[in-house]
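What follows is a short report on a single structure.
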Amino acid sequence: MNRILIIGGYGHVGQKIARRLVAAGQRVTIAGRSASKATDVAARLGCEGTALDLARPESWGAALDAADTVICCLDTSDAALARAVVERGARYLDISATDAVLRRIEGLDPVARQNGALAVLSVGLAPGLTNLLVREARARCPGARRFRIGVLLGLGDTHGPAAIGWTLNALAPLSRGDIRPMRFGEDRHGQPTIPFDFSDQHSLMRRGYPAVETRLALGSPLVTPLTLRWLAAVASRPRLRRILARVLPFFRFGSDRTALVVEAFTYAGTAPVCRLTLDGRAEAEITALVAAEAALRLSETGETGVRHLDELLTLDDLRAVLCRHGLRLSEG
C-alpha cells in the first residue's frame, strides 16, 4: 500500500485529494501547522493527521520518513521541502500554479536522479490538464507555431481562500487591448479573457514548445471587460486586495462551470488549425481528481528526476477517468 502524505491536507483542495485517495484504498496522512485541526479533519476523512510546519524544517522528519509519496498543496518559498523528499528517495507531487515555485524544484533534477526519486510538477487543472491539451494539440498539428490556452473558472464555484488570494495577487492592471474574447466548449459566443500568469505557458516553453500564452476568463453574468479592468485595478492595491480576498469566498456570482480550451496556430493564419476543449464543473474537484490519479498511476513508474505531468502521461491516459467524472473532451 502506498503511504501518501498530503501537506496542506486540511485545506480546500487537500481534503478533496485525501478523500479520493482514501476511497482508492491508500494509506493517507494529512498534515498542516495545526496538529489538532489535522487530526479533526482526518477523523472525518477516514485517514490520519499530523503536524508539519513548512516554516519549521525540524518538524518535517517523522512525517516525511513515513511517506512513500508526498503531495504538496501549498506554495513553498524555496525548494527545501521538495529536496528533503527526493533525498529520501520518495515521490513528490506539487499542485502549484506559480512558475517561480516550479522553477526552483526543476533545479533538483540531479538530486532526484541520484536518489532514484521522482518529482512531478504541473499536477492539476492549470497547470496539468492544460499541459496535456497542449501536448495533444502539438501531436495533432506538428506544424503549429503558437498555442493559446484559455482557462474558465466559474464565480459560482467554491474556491478556497488560498486560491482566491493567489488569483488576486496575480492580477495585473489591464489596458483595453489586453481583454480578448475566447470561446469555451460549445459556446457560440466568446468570453472576455485576460493574460494570466499560470505556470503552464512558462514550463512548456522552457521545454521546447513554441510560443504559449495562457488567458483567464471568470464565468459570471457580472463579468464584462469593464468589470475585469475594475477588478484588476482594485487587486493592484494591497489593502483593497486583502478586503476582496476576505469577502469573495462568501459570494457566488454565477455557475460552478470550469472549462479549458487550447488553440494551435500557424504563423500564417489567425484562425486556429486545431482546437481542443474540456468542459466540466468544480475546479477544485478536477484538480483533486488529477492529483489523486497521478499519485496512483505514478507510484509504480520507473522514472526518476523532476518531470512535468505532460512528460509522464498523455491526455489518452486520463481520458476515461475524466469522462467518468463528467468532463467532456472534444475537438473543434
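The values are calculated or read from the model by the stated rules, or taken from the named source; none is laboratory data. Bear in mind that the values here come from a model prediction, so they are computed numbers and not experimental data. Glycine gets a Cβ as well: all are built from the backbone with ideal geometry, and neighbour counts include every protein chain shown. To get the accessible areas, we keep the full protein, side chains included, count just its heavy atoms, and leave off ligands, DNA and RNA. Shrake-Rupley method; radii C 1.70, N 1.55, O 1.52, S 1.80 Å.
By the Cβ distance rule (another cysteine Cβ under 4.7 Å), the unpaired cysteines of the chain are Cys47, Cys72, Cys73, Cys323. Computed from backbone phi with θ = phi - 60° and the Karplus coefficients 6.51, -1.76 and 1.60, the 3J(HN,Hα) list for segment 136-146 is 5, 4, 5, 5, 6, 10, x, x, 5, 10, 8 Hz; x is used for glycine and proline. Close amide H partners of Gly49, meaning residues 5 or more places away or on another chain with modelled amide H under 5 Å apart, are Ile30.
Per-residue ellipticity at 222 nm computed for the chain from its helices equals -11000 deg cm²/dmol, with DSSP H segments shorter than 4 residues left out and the rest contributing -39,500 (n - 2.57). Convex hull volume of the C-alpha atoms in the chain, normalised per residue: 132 Å³.
Amide hydrogen proximity for Ala119: with H placed 1.01 Å from N in the peptide plane, the residues at 5 or more positions away or on another chain lying under 5 Å are Tyr92, Gly305, Val306, Arg307. What's the whole-number percent of alpha carbon pairs in segment 73-222 lying beyond 18 angstrom? The answer is 63 percent, as a whole percent.
The Ala62 and Arg103 beta-carbon pair, evaluated with R₀ = 41 Å, returns a calculated FRET efficiency of approximately 0.90.
Taking only the C-alpha atoms of segment 1-149, the Rg (one decimal) and the largest Cα-Cα distance, Dmax (whole number), read 16.4, 55 Å.
With the biggest extent put first, the Cα atoms of segment 183-332 measure 48, 41, 31 Å across the principal axes. Computed from label points 7 Å out along Cα-Cβ, the spacing between Val321 and Ala35 is 3.4 nm. Here the peptides 135-144, 15-24 are ranked by packing, the mean other Cβ count within 10 Å, and the order with the highest first is 15-24, 135-144. In this structure Asp316 has an accessible area near 100 Å², from a 1.4 Å probe over the protein heavy atoms. The relative contact order of segment 44-145, computed from alpha carbon pairs under 8 Å that lie at least 6 residues apart in sequence, is 22 percent. How big is the antiparallel share of DSSP beta bridges in the chain, given as a percent to the nearest 5? Of all bridge pairs located within the chain, approximately 45 percent are antiparallel. If I compute solvent accessible area with a 1.4 Å probe over the protein chains, what percent of it on the chain is carbon and sulfur? Roughly 52 percent, rounded to a whole number. Springs between alpha-carbon atoms under 10 Å, Gaussian network over the chain: tell me which of Gly14, Gly219, Gly25 tops the mean-square fluctuations. Among Gly14, Gly219, Gly25, the largest mean-square fluctuation in the Gaussian network model of the chain belongs to Gly25. Take every pair of alpha-carbon atoms less than 8 Å apart whose residues are at least six positions apart; their mean separation over the length of the chain yields a relative contact order of 21 percent.
By the compact-protein rule of thumb, 2.2 N^0.38 Å, the alpha-carbon radius of gyration of segment 83-171 corresponds to a ratio of 1.33. The residues of segment 134-212 present an accessible area of 47 Å² per residue when probed at 1.4 Å with all protein chains retained.
For segment 277-321, a Kirkwood radius taken over Cα pairs fed into Stokes-Einstein (10 °C, viscosity 1.306 mPa s) yields D = 134 µm²/s. Remark: segment 42-49, residue by residue, has Karplus-estimated 3J(HN,Hα) of 4, 4, 6, 8, x, 9, 10, x Hz, where x stands for each Gly or Pro and the curve is 6.51 cos²θ - 1.76 cosθ + 1.60 at θ = phi - 60°.
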